[in-house]
């Protein structure tokens with residue numbers, strides 16, 4: 001058996017080789033100079049002492065080269081930046097050419113600008129609910145005598161005496177708080193400025209251009225009329241006007257169905273390029289349960305503005321179908337039902353409309369107030385007399401409106417507000433309709449119709465309505481094609 005002895009220095013060499021190869025592989029991709037420096041430093045620790053001096057010399061050289069590269073290269077990079085040109089600049093004075101002659105309108109603009117700069121301390125106050133003009137003057141430190149001067153300076157001071165929430169008044173005050181001018185809108189198209197000087201206030205009237213922009217919309221009922229109106233780009237106020245136009249033919253509390261649709265042409269009022277308020281429904285169609293209804297706005301020879309169908313017959317009836325804005329019916333006319341409070345069978349001689357407390361209740365028709373007060377289980381109740389043989393009753397009111405016994409009210413006038421006074425389990429309106437003292441179902445009673453336009457007016461109506469009707473048919477055809 002032969003033994004082979006491996007010299008010890010071979011093992012040592014292998015160890016040194018491994019020690020130098022490991023760091024070299026791990027430092028792959030680094031700069032060659034830094035890799036060599038690492039190898040030399042590791043070798044110093046394991047090499048014989050006779051090589052350490054040479055290694056230290058080589059290592060020192062490598063460190064020196066590294067320092068030179070680290071110091072000189074940034075300096076070189078810095079030296080390559082271009083310094084800003086510090087050459088001297090020469091300034092020349094050039095005379096401007098003379099300005100052209102000022103036009104008259106430019107002079108007016110300059111005058112307005114000067115006045116604005118001198119008198120531009122305007123404070124705009126928006127009227128809040130329950131606030132009076134006297135309150136506003138007092139809050140600005142202005143006395144009642146100044147307000148009286150403003151009232152006396154106008155032949156028609158209605159805009160100052162009858163202010164409403166949302167009205168705006170602008171006050172021009174100097175540094176001492178003295179009123180120099182008061183500005184307000186007398187109506188939609190008239191702005192008034194009162195200048196306060198040494199004597200009586202001087203009134204300046206400015207006409208403001210008001211325009212009506214016509215809009216069109218189409219909606220399909222999926223869950224509610226309001227949602228359909230919103231999807232069609234209509235405001236809630238305009239949606240209510242649409243419902244009121246068809247309120248005599250469609251009971252929106254019980255007749256509305258998913259899939260019903262409407263097309264409407266309406267206008268919006270703009271002033272100075274900004275929307276001022278909602279306008280009116282000019283013409284509309286409403287398809288309810290497959291039946292098509294049309295409403296066209298027209299002012300007749302008497303000066304009455306009403307809605308008519310295509311044949312020129314007014315949509316208005318002697319009575320509204322629903323005395324509250326469309327809501328849900330909570331209880332119908334019945335000869336016998338279980339009373340929710342008394343717990344026994346009892347006839348229900350009217351229709352109950354569930355609605356939030358405070359919802360306005362409208363007079364179903366023009367008539368006279370013959371009762372206003374508390375009445376048994378009705379709570380707060382109002383009874384109206386219409387055309388001799390018709391009476392309507394409105395019960396469970398939370399409070400009354402201004403009309404009192406003996407006064408006449410117009411159709412649609414607010415006579416009270418929904419509540420739950422008397423025998424009521426929740427806020428609602430109890431509405432009864434009587435003919436000659438006999439109760440009739442308000443939902444089924446035949447309501448008298450208005451007379452159509454006379455022949456002399458009918459020709460004018462058809463001429464004015466033909467364009468609107470053509471547009472409505474176009475809108476309906478477009479949306480019908482889109483659905484199919």
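The values are calculated or read from the model by the stated rules, or taken from the named source; none is laboratory data. In this text, all values refer to a predicted model and were calculated from it rather than measured experimentally. Every residue, glycine as well, gets a Cβ built from its backbone with ideal geometry; the counts of neighbours run over all protein chains shown.
Kindly establish whether residue 210 is within 24 Å of the chain's Cα centre (by Cα) and under 30 Å from residue 280 (Cβ atoms). Before you say what the answer is, go through the steps one by one.
Values: within 24 Å of the chain's Cα centre (by Cα): yes; under 30 Å from residue 280 (Cβ atoms): yes.
Yes, satisfied.
Report whether or not residue 468 is touching a strand residue (DSSP E or B) at 6+ places or on another chain (Cβ under 7 Å) and more than 30 Å from residue 303 (Cα to Cα). Even if it seems obvious, please write down each step before you answer.
Working: touching a strand residue (DSSP E or B) at 6+ places or on another chain (Cβ under 7 Å): yes; more than 30 Å from residue 303 (Cα to Cα): no.
Criteria not met by residue 468.
Output yes when any residue across region 424-437 is more than 18 Å from residue 332 (Cβ to Cβ) and out of contact with any strand residue (DSSP E or B) (no Cβ under 7 Å at 6 or more places or on another chain), and no when none is.
yes
Against the definition (surrounded by 12 or more Cβ atoms within 10 Å (Cβ to Cβ) and either modelled with pLDDT of 85 or more or under 38 Å from the mean Cα position of the chain (by Cα) (or both)), how does residue 339 come out, yes or no?
On the way: surrounded by 12 or more Cβ atoms within 10 Å (Cβ to Cβ): yes; either modelled with pLDDT of 85 or more or under 38 Å from the mean Cα position of the chain (by Cα) (or both): no.
No.
Which condition number in (1) surrounded by fewer than 16 Cβ atoms within 10 Å (Cβ to Cβ); (2) modelled with pLDDT of 85 or more is the one that residue 298 fails?
Single failed check for residue 298: (1).
Please return the ranges of strands (runs of 3 or more DSSP E) entirely within region 208-295 where 3 or more residues are buried (at least 22 other Cβ atoms within 10 Å of the Cβ) and in contact (Cβ under 8 Å) with a residue 40 or more places away in the chain.
Numbers: elements: 210-220, 261-271, 274-288.
In region 208-295, 261-271, 274-288 are the strands (runs of 3 or more DSSP E) which contain 3 or more residues that are buried (at least 22 other Cβ atoms within 10 Å of the Cβ) and in contact (Cβ under 8 Å) with a residue 40 or more places away in the chain.
May I ask you to list the residues in region 198-207 that are surrounded by 13 or more Cβ atoms within 10 Å (Cβ to Cβ) and assigned to a loop (DSSP other than H, G, I, E, B)? Please lay out each step first, then the result.
Taking region 198-207 as the starting set, the residues that turn out to be surrounded by 13 or more Cβ atoms within 10 Å (Cβ to Cβ) are 201, 203.
Matches in region 198-207: 201 only.
How many residues are farther than 30 Å from residue 347 by Cα and in a strand (DSSP E or B) when one looks only at region 297-333?
Residues meeting the conditions: 8.
From the list 317, 313, exactly one residue is surrounded by 17 or more Cβ atoms within 10 Å (Cβ to Cβ) and either assigned by TED's automatic domain parsing to the domain that holds residue 432 or more than 19 Å from residue 261 (Cβ to Cβ) (or both). Which is it? Don't jump to the end; show me each part of the working.
Numbers: 313 fails: surrounded by 17 or more Cβ atoms within 10 Å (Cβ to Cβ).
Selected residue: 317, the only one of 317, 313 that is surrounded by 17 or more Cβ atoms within 10 Å (Cβ to Cβ) and either assigned by TED's automatic domain parsing to the domain that holds residue 432 or more than 19 Å from residue 261 (Cβ to Cβ) (or both).
So, residue 372, is that one in contact with a strand residue (DSSP E or B) (Cβ under 9 Å, 6 or more places away or on another chain), surrounded by fewer than 16 Cβ atoms within 10 Å (Cβ to Cβ) and in a strand (DSSP E or B) or not? Lay out the reasoning, then the answer.
Details: in contact with a strand residue (DSSP E or B) (Cβ under 9 Å, 6 or more places away or on another chain): yes; surrounded by fewer than 16 Cβ atoms within 10 Å (Cβ to Cβ): no; in a strand (DSSP E or B): yes.
So residue 372 fails the test.
Would you check if residue 456 is part of a helix (DSSP H, G or I), over 17 Å from residue 375 (Cβ atoms) and in contact with a strand residue (DSSP E or B) (Cβ under 6 Å, 6 or more places away or on another chain)? Walk me through it before giving the result.
Numbers: part of a helix (DSSP H, G or I): yes; over 17 Å from residue 375 (Cβ atoms): yes; in contact with a strand residue (DSSP E or B) (Cβ under 6 Å, 6 or more places away or on another chain): no.
No.
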